[in-house]
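One structure is given here, and the rest of the page talks about it.
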Amino acid sequence: MKARFLKAAAALAVGAMLATTALTPALAETLKFVSWQKDEKGVGDWWASVIAEFEKRHPEHKIEWTKVERAAYADTMTTLFAGGNPPDIVHLASFEFHSFADNGWLEDLTPWTEKSGLNLDGWSGQKACNWDGQVVCIMMLYYGAIFAYNEEMLASEGVAVPTNWDEFLAAARKLTKDTNGDGIPDQFGTGHETKGGAGQYLAEMASYLLDAGASYTNAEGEVTIDTPEMVEGLQRWKTVISENLSPRDLSAGDIRKLFADGRIAMRVDGPWLYSIMEQGAAKDKLKLAKVPFDPPLGGSSNVLAMPSEIDEEKKELVWEFISIATSDEFQSSFAKLAASTPPSPRADVSAAKAEIPHFDLLVEAQQAANKAGVDRIPVGLEIPFNEFSKMIQEEAQRMIIEDLDPAEVAKRMHEKAVALQ
């Protein structure tokens, strides 16, 4: 009840704030921009630079930048759109824009890209922005996973840095140990969140499924779970968890801290893991390498779009903002300011490489994941993704708790996924 109240209050507060723009003629040329990233170090600074450039080019116009917390974001944006008062510049997580597009709330950007000459060939993750034959958004971040390991722990056991599944499994088994003699493992070969949200649970499983050649759906959106590849991927996940090669019932934050402090030997994660490593007790022992799975885990993060029902003058201004954000200049500055891989293949990332020692690994992983079409949202299951991810999590947990045959589990997952479509 409290959570619903806070979300409703946030929506009303933002709605009231944004509504003043429409009521005051002097503010008619103010663009409303809502984001959860306003105060985030790096990426928030980059957004601020895009806004500053827009206002420099168009001093007669202003951008009103409002922050809404991530936990209340989707509900707040839904309330604004449903009430006919959407922000002019639409910023959404890549896993939540589908319902907005499905309601017809997002503009088809195809004519805008063609008119401006924006070339999206090779733009990482952009394929995810295609909806019902239209381009409804521009991908603003698509990342590839990194592989981190404790060099001292591997060396102490004579274990080389793994380069494939078999080597990874052998290393994880050798590095999982009871170091204090109480009969319970307190050092782990790898680490996965097994407590928390379904979306994160699927992300934790994903490397094993992808490397086995499995996918939940094909390019046409047909469910493809009941396959030998999926059975193999599920068996790998079951092996890692059932053999206690990872600690159980911990959040992703807990797992990352254990790795950073030297209790876990290997971890596959997003680029954000590096900053956590830098704060850990084992900081000087931690290294980065290419992910030992092919293709590597990757995923889209957030998108820019425009509402379909604002007036044409504002659409022109919104596209100008998007054009700045997607320009070679600002895609290049994104790499350095946000310390992340920009989606544009034309971005100059030399400055980022000079400051971030592992940036080449990030670029390589991003490009490999994008080439393989890896994303966390299966094609054809975008709208019911919350129900789908919960179902997969529940079935995978049952497989481990009840020691079920992965072939039977894959068959049941397949049937339930089809029913959700």
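Sort 301, 94 by heavy-atom solvent-accessible area, probe 1.4 angstrom, most to least.
301, 94
Expressed as an acute angle from 0 to 90° and rounded to the nearest 10, what is the orientation of the C-alpha long axis of helix 359-371 relative to the principal long axis of the chain?
Compared with the principal axis, the helix lies near 80 degrees.
Could you tell me which of 357, 323, 259 has its Cα farthest along the dipole of the chain towards the positive end, charges placed at Cβ (Lys, Arg +1; Asp, Glu -1), taken about the Cα centre?
259
Give the peptides 115-122, 268-275, 362-369 in descending order of average Cβ contacts within 10 Å, highest first.
362-369, 268-275, 115-122
Does segment 36-175 come out rounded, prolate or oblate, given a ≥ b ≥ c as the square roots of the eigenvalues of its C-alpha gyration tensor, rounded meaning a/c under 1.5 and, failing that, prolate meaning a/b above b/c?
prolate
How far is helix 2-23 tilted, in degrees, relative to the longest principal axis of the Cα atoms in the chain, given as a value from 0 to 90 rounded to the nearest 10?
Roughly 30 degrees between the two axes.
With all protein chains present, how much of the accessible area of segment 210-289 (probe radius 1.4 Å) comes from carbon and sulfur, to the nearest whole percent?
46 percent
Write down the radius of gyration of segment 92-218 and its Dmax, each obtained from C-alpha positions, in Å.
Calculated on Cα positions, Rg and Dmax stand at 21.4, 69 Å.
Given +1 on the Cβ of Lys and Arg, -1 on the Cβ of Asp and Glu, and no further charges, what dipole in debye does segment 370-421 carry about its Cα centre, rounded to the nearest 20?
220 debye
Give, rounded to the nearest 20 debye, the magnitude of the charge dipole that the chain has about its Cα centre when Lys and Arg contribute +1 at Cβ and Asp and Glu contribute -1 at Cβ.
900 debye
Quick check on packing: order 279-286, 331-338, 175-182 by the mean number of other C-beta atoms within 10 Å, highest mean leading.
Ranked from most to least packed, the peptides come out as 331-338, 279-286, 175-182.
So if I average 1/r over every pair of distinct C-alpha atoms in segment 314-387 and take the inverse, what Kirkwood radius in Å does that give? If you can, show how the numbers build up before the last one.
On the way: mean 1/r = 0.0699 Å⁻¹.
Evaluated over segment 314-387, this radius sits at 14.3 Å.
Give the lysines reachable from residue 127 as a straight Cα distance under 19 Å; neighbours fewer than 8 places away on the same chain don't count.
371
Can you run the Rg to Rh ratio on the chain? Use alpha carbon positions and the Kirkwood inverse-distance Rh. Intermediate results must be reported in sequence, preceding the final value.
Details: Rg = 22.6 Å, Rh = 22.9 Å.
Ratio of gyration radius to Kirkwood radius: 0.99.
Using only the Cα atoms of segment 286-340, what are the Rg and Dmax in Å?
Reported Rg and Dmax, both Å: 17.2, 53.
Give me the percent relative contact order of the chain, please, defined on Cα pairs under 8 angstrom at least 6 residues apart. If you can, show how the numbers build up before the last one.
Details: 700 pairs, mean separation 98.2, N = 421.
Taking the mean separation of contacting Cα pairs over the length of the chain, I get 23 percent.
In whole Å, largest first, what are the principal axis extents of the Cα atoms in segment 167-322?
Taking the Cα atoms of segment 167-322, the three principal extents are 71, 42, 27 Å.
Which angle from 0 to 90°, rounded to the nearest 10, does the C-alpha axis of helix 43-57 make with the longest principal axis of the chain?
Relative to the chain, helix 43-57 is tipped by roughly 20 degrees.
Write down the accessible area per residue of the chain in Å², having rolled a 1.4 Å probe over the full set of protein chains. It would help to have the intermediate numbers written out before the result.
Numbers: 18770 Å² over 421 residues.
Using a 1.4 Å probe on heavy atoms only, each residue of the chain averages 45 Å².
Compute the distribution of all C-alpha to C-alpha distances in segment 276-421, in bins of 10 Å from 0, and list the percent of pairs in each, rounded to whole numbers.
Computed distribution, short to long bins: 9, 23, 28, 24, 14, 2, 0.
The values are calculated or read from the model by the stated rules, or taken from the named source; none is laboratory data. Predicted, not measured: the structure shown is a model, and the values here were computed from it. Don't worry about glycine lacking a Cβ; one is built from the backbone with ideal geometry, like all the others, and counts go over all protein chains shown. These accessible areas exclude ligands, DNA and RNA; they are computed on the full protein's heavy atoms, side chains included. Shrake-Rupley method; radii C 1.70, N 1.55, O 1.52, S 1.80 Å.
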